[in-house]
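To start, the structure itself, in structure tokens.
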Amino acid sequence: MDVYNRFAAARIPQGDAMTIARRYTLSILMGTLAMAGPALAGPQETAQGQPPSEEELHVRTQKLLANQHGDDAALELYERVERHVDRSGDPNPRTLADKTYRMVPNGSGTQRIVLRIGDKPVEPAEYNEQMEALEGVLRTMANSSDPRAKAAYAKRAKRDKDRADFLDAMKEAFIPKWLGSETRNGRACDVFELDPNPSFHPRSMFQDALTHVTAKIWVDHETTQLARGEARVMRDVSFGGGILGKLYRGSVVTIEQEPVAPGVWLPTHYQYDFAGRKFLFSFQQHALIDVTRYRRVGPPKEALQIVQNELANGKTFSEDP
């Protein structure tokens, strides 16, 4: 595979749409709290048993957003192992596909290295070929003067800006309500319900989708990090006036996060249950993704050294730490 084709492979593949969905879903789940201070002030009690003051809520919500920005940036520096299981939508779901990937950030997105299909590991030669392709991409991205790298970084910058704009819209799109506290994985969490704000005026197709969504989040009380989030489509969402497609009512996304390093919380589980229509064709997506073995590999220049060392030593990747 030549360098150009290797670089083309760096684009986020269709199966990694979960990465994109995670970003926008977390924006929905997190961004609303930026305006939560005045709305949440009231007689309810916090996880510590005391009513929150408006100032306390403002400080915590700002910290929550800052933490999530930091976590999003960290995800671009951590490789991980993801097991993707696609299921049928039957009352007794059947497994339609089961693949395990090594997910490696490459500077412009995330590159998937297939490790297993079902319980069967890929052949060593196939794994080595994927790693050589990754090496080519990382070498290109590590060279900031390469025109392809410049173009890829520009696209990433635009993607990051679009997400930031989307996040800003979240501050206006929802009305939050503090529900109380729960314990998750031995940690005290504040629980919030997020409902669409009828006064919100969307400025894009994606922002318009927010008026159809309600969400619920669990925020770790000690660290002010997102521990769990659920977003549910309450009314059908049309794209392009319904010509391009539609996301049906009842579609649900669930995300869970845990600490993977001091001050860094990253996803450990996703569940997607979507139904809709793309052009004239109906579709369903029911998927579970479990994420393990986070390891910091750094930006492309650092990751390139790690990959080159692995190739030189002929090591086989282990899914266990």
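For the stretch 195-211, indicate whether the set of residues that are modelled with pLDDT under 90, over 22 Å from D86 (Cβ atoms) and crowded, with 21+ Cβ neighbours inside 10 Å is non-empty.
yes
Which fully enclosed strands (runs of 3 or more DSSP E) of the stretch 244-321 have 1 or more residues being among the aromatic types (F, W, Y) and within 14 Å of the chain's Cα centre (by Cα)?
Passing ranges, in order: 264-278.
For the stretch 67-105, name all the residues that are part of a helix (DSSP H, G or I), open to solvent by less than 50 Å² (accessible area, probe 1.4 Å) and either out of contact with any Ser or Thr (no Cβ under 8 Å at 6 or more places or on another chain) or β-branched (V, I, T) (or both).
Listed by number, the residues that qualify are Q68, G70, D71, D72, A74, L75.
Consider only pairs whose beta carbons are under 7 Å apart and that are at least six residues apart or on different chains; among these, list those whose first residue lies in the stretch 114-130 and is over 15 Å from V81 (Cβ atoms) and modelled with pLDDT under 95 and whose second residue is in a loop (DSSP other than H, G, I, E, B) and not hydrophobic (A, V, I, L, M, F, W, C).
Between residues of the stretch 114-130 that are over 15 Å from V81 (Cβ atoms) and modelled with pLDDT under 95 and residues that are in a loop (DSSP other than H, G, I, E, B) and not hydrophobic (A, V, I, L, M, F, W, C), the close pairs are P124/T316.
Starting from residues that are surrounded by 16 or more Cβ atoms within 10 Å (Cβ to Cβ) and either of a type in the set (A, V, I, L, M) or touching a Leu at 6+ places or on another chain (Cβ under 6 Å) (or both), keep the ones in the stretch 163-174 and report whichever is nearest to A303 (Cα to Cα).
L167
So which of L311, L266, L226, L288 is more than 27 Å from D72 (Cα to Cα), open to solvent by less than 50 Å² (accessible area, probe 1.4 Å) and touching a residue at least 24 places away in the same chain (Cβ under 8 Å)?
Only one candidate qualifies: L311.
Can you tell me which residue in the stretch 110-162 is most open to solvent (accessible area, probe 1.4 Å), limited to those that are hydrophobic (A, V, I, L, M, F, W, C) and farther than 18 Å from P299 by Cα?
Only one residue tops the list, namely I117.
Of the conditions (1) touching a strand residue (DSSP E or B) at 6+ places or on another chain (Cβ under 7 Å); (2) under 23 Å from T95 (Cβ atoms), S282 fails just one. Which one is it?
(1)
The values are calculated or read from the model by the stated rules, or taken from the named source; none is laboratory data. Predicted model only: the values in this text are computed from it and were never measured. Backbone-built Cβ (ideal geometry, glycine too); neighbour counts: all protein chains shown. Accessible surface is based on the protein model in full, side chains and every heavy atom, while ligands, DNA and RNA are left aside. Shrake-Rupley method; radii C 1.70, N 1.55, O 1.52, S 1.80 Å.
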